[in-house]
Structures are given as structure tokens and as C-alpha cells.
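Reading through the C-alpha cells given below for one structure.
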Amino acid sequence: MGQLTRTGIAIDDDLLARFDRFIARQGYANRSEAFRDLIRDRLVGAAVEAPEAHVVGTITLIYDHHSRLLPEKLMDLQHDHHDVIIATTHAHIDHDTCLEVLVVKGRAKQVQKLADLLIGTKGVRHGRLVMTSPSVVLTQTA
Ligand code: NI
């Protein structure tokens, strides 16, 4: 944990009022933690853009398990990229729909490639990749 440094910023009254309402809805106890989270979010976003960055994350998939050969295709892709996948969770959302969440770890370019392949597979209705950088979010302050 780094040392805390106090800093001041100039900000438009209306923008600050909107920010205060936003963070109240989000449940933040104070502005400082909300600002720190915003900064971390931008730093993580910048860090994971580098193809060689070490990232962790999740790939979420929604698909119809009746879609012809789709479960087999998705399983084959996952076996082909077993070195990137730490864990998978599968939930049967309703009679037709599956939700799958893959926990992934590796270089940003590997994780992105796997996500593109899975999400782009015919029959996958929706997919989302979330990447974060463990090294950027390590520093926590009170
Ligand atoms: Ni299912």
C-alpha cells in the first residue's frame, strides 16, 4: 500500500453535483474512494490495451444449447485454449438457454483472441469479455 497524498482539483459545480449524486447512488462513502476507483478503472483500461499485458478476466457467453453442434464447438475451442482458461461455470438459464462464464488468465492478446473466437461462433447470442490487470489494482487505500 502506497502513502496517501492529498491533492485538490478544480471542478465545475454542476459536474461535481452530478458526480456526488452518482456516487451516492453507487453507495460510495466519500468522494475520495470514488475518484480512486475512477482512476484505477482508466489505468486498468489503458494497461489491458497492450497486447503483451498480463491480464485476468471473464468471458461470459449466452447461447442456445439446441443450436446444432454449438456446445461441441465451444468445448473444442476451450480445449484448444486450455492454457488460458482457469475455470468455467455453466448454468442452465431456462429450457433452451445456457450461460457460461470462463475465468481466464494470460496475455491480453491470447485472452482477446479466445473471446473473439467464442463470441463469434455462430449461435452464440451474446458475449462479453472483461479484462482487468492484477498489477494495476493491487494498490488499495483506506
Ligand atoms: Ni446449459
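Just so you know, all these numbers are worked out from the coordinates, no wet-lab data involved. Small disclaimer: the values here were computed from a predicted structure and weren't measured. All Cβ positions, even for glycine, are placed from backbone atoms using ideal geometry, and neighbour counts span all protein chains on display.
Taking each residue as 0.36 nm, the span from residue 32 to residue 79 lengthens on full extension beyond its C-alpha to C-alpha distance by 12.5 nm.
Would you calculate a helix-derived [θ] at 222 nm for the chain, using -39,500 (n - 2.57) for each DSSP H run of n ≥ 4 and dividing by the full residue count, to the nearest 500? Helices in the chain give a 222 nm mean residue ellipticity of -12500 deg cm²/dmol.
With the convex hull of its Cα atoms as the shape, the stretch 19-142 has an orientation-averaged projected area of 9.2 nm². Annotation: extensible slack from residue 96 through residue 52 equals 12.1 nm (criterion: 0.36 nm per residue apart, minus Cα-Cα distance). Extending 7 Å from Cα along the Cβ direction at residue 122 and again at residue 6 yields two label points whose distance is 6.4 nm. Compared with the direct C-alpha span, the chain from residue 39 to residue 65 gains 5.4 nm at full extension, assuming 0.36 nm per residue. Of 119, 39, 9, the sequence from fewest to most neighbouring Cβ atoms within 10 angstrom is 9, 39, 119.
Based on Cβ point charges of +1 for Lys and Arg and -1 for Asp and Glu, what charge dipole magnitude is obtained for the chain about its Cα centre, in debye rounded to the nearest 20?
260
For the stretch 1-27 versus the stretch 96-133, the spacing of their alpha-carbon centroids is 33 Å.
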